[in-house]
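Have a look at the structure below before the remarks.
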Amino acid sequence: MLDGKRILLVIGGGIAAYKVLELIRRLREQNASLNVVMTRAAKQFVTPLSVASLSGGKVFDDLFSLTDETEIGHIQLSRAADLVVVAPATADLLAKMAQGLADDLAATLLLATDKKILVAPAMNLRMWLHPATQRNVATLQKDGVLFVGPEDGDMACGEYGPGRMSEPAAILAAVASAIEGDTRIALLPGIGRFDKPLAGRRVVVTSGPTHEPIDPVRYIGNRSSGRQGHAIAAAAAKAGAEVILVSGPVTLPDPPGVSTLHVETAIEMLAAVEAALPADIFIATAAVADWRVEAAASQKIKKSDTPPQFALAENPDILALVAQRTAGRPRLVVGFAAETDHILAHAREKLQRKHCDLIVANDVGDAMGKDENEITLIAPSGSEPWPKMRKDEIAARLVRHLAQMLKDRPDA
Ligand code: C5P
């Protein structure tokens, strides 16, 4: 699988470095060719001699080594690889990467490389959950850095929680999928069981299309699959929130840990949302039909010579109604702007007109019914484009973002 692939392995200074010896052995078994860089701290945990013996190659550690600079140079070292792997990726290394620091060989080549980087974080759970580390992780993800782990588990320091480096086999699988360009394997930092940023919060989400009846068998609808809204509800529940999902007609299963209310029409969706409120956060992901047939026929309309004419009535704008509540307005009201053109301009206009705190804008031409989506967050303070990601990855990140927004609000 990795035959002839060149891997540049950066070993950071953490106790999990001992597991990297096993990773090196397995990479060599797969016929990968390895260059290894150790940070100064890494050498406190494993010796360059053991690393060199297993890797079958040279171990680099000194930014100013004249021989290394003439023979290879840190720029070349960083580029003569198919993949750069950082294991264990300590809090310090992640912070350096997020900041673009270059104060030793490892940091310099991580900045100089133009290759994909896969990191396997390992640190104490408090360090992993610290907002500074989580900010750095979010920055690195935005930069396209791939993650494997960390996992929940026992720590060397006697605590239990998220921060344990993934096992060598899991890192090896992530290396293979990263090299193949397949990032579907769990390359996202998991939300560990101690990481419940929405614990104690109540979240209401709408999802899917609405179906507005024309007669008992026909309806006005749209192509929304409900995947993004359902993924958001699932991610909010995983983050510890009590979640009520109001779903239009979809073929998806109800997400685990979520109370799902099933509706057909916009009017039913509004009633279900109002019954589900109050909430801390309202997320309107549903593609609500803008119009309904004013008087739907109670019998199937028969085909005749002239096509039937319908008077349409405007549906309630659920998002705008919730955002404009004077009493019981959720602290965060989030809308989606599914557009096919002038995406950002339309989204900004929606943010203001509907009085939302955040609009998630996307190009529906690209996203409807698919697993991936490319979005831009638009808030009154500015906008933030995100790289293309799977819808469940977007959901997990959006949930973390909203938890942070709630925390940052003075009325929290
Ligand atoms: O359809 P429109 O582009 O206006 O949708 C923008 C946002 O408003 C979406 O978040 C959608 O869920 C919400 N919306 C709603 N009720 C409507 C129309 C849209 O909640 N009747």
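Looking at V263, V243, V203, just one residue is over 20 Å from the mean Cα position of the chain (by Cα), buried (at least 17 other Cβ atoms within 10 Å of the Cβ) and at pLDDT 95 or above, and that residue is V263. The selection criterion, being out of contact with any helix residue (DSSP H, G or I) (no Cβ under 8 Å at 6 or more places or on another chain) and either among the small types (G, A, S) or within 30 Å of G181 (Cβ to Cβ) (or both), does not hold for R397.
Results for (1) modelled with pLDDT under 90; (2) more than 16 Å from the chain's Cα centre (by Cα), shown as yes or no for each residue.
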position: A323; (1), (2): no, yes
position: H342; (1), (2): yes, yes
position: I359; (1), (2): no, yes
position: D366; (1), (2): yes, yes
position: I394; (1), (2): yes, no
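Each residue in the range 355-378 was checked for being touching an Asp or Glu at 6+ places or on another chain (Cβ under 7 Å) and in contact (Cβ under 8 Å) with a residue 24 or more places away in the chain, and 6 pass. Quick one: P253 ticks every box in (1) crowded, with 17+ Cβ neighbours inside 10 Å; (2) part of a loop (DSSP other than H, G, I, E, B) except a single one, so which number is it? It fails just one condition, (1). Can you find a residue in the range 294-305 that is of a type in the set (A, V, I, L, M), touching a residue at least 24 places away in the same chain (Cβ under 8 Å), surrounded by fewer than 21 Cβ atoms within 10 Å (Cβ to Cβ) and outside any loop (DSSP other than H, G, I, E, B)? Checked against the condition, which is being of a type in the set (A, V, I, L, M), touching a residue at least 24 places away in the same chain (Cβ under 8 Å), surrounded by fewer than 21 Cβ atoms within 10 Å (Cβ to Cβ) and outside any loop (DSSP other than H, G, I, E, B), the range 294-305 yields no hits at all.
Taking every residue in the range 387-401 that is under 16 Å from L146 (Cα atoms) and of a type in the set (G, A, S) and pairing it with any residue that is assigned to a helix (DSSP H, G or I) and at pLDDT 85 or above, at least 6 positions away or on another chain, the pairs with Cβ-Cβ distances below 6 Å are A396/A235.
Scanning the range 330-345 for residues that are over 17 Å from V205 (Cα atoms) and surrounded by 17 or more Cβ atoms within 10 Å (Cβ to Cβ), we see that the one that is farthest from the ligand (Cβ to nearest atom) is I343.
The values are calculated or read from the model by the stated rules, or taken from the named source; none is laboratory data. All figures in this text were calculated on a predicted structure; none of them were measured in a lab. Because the Cβ atoms are built from the backbone with ideal geometry, glycine has one as well, and the counts that use them run over all protein chains shown.
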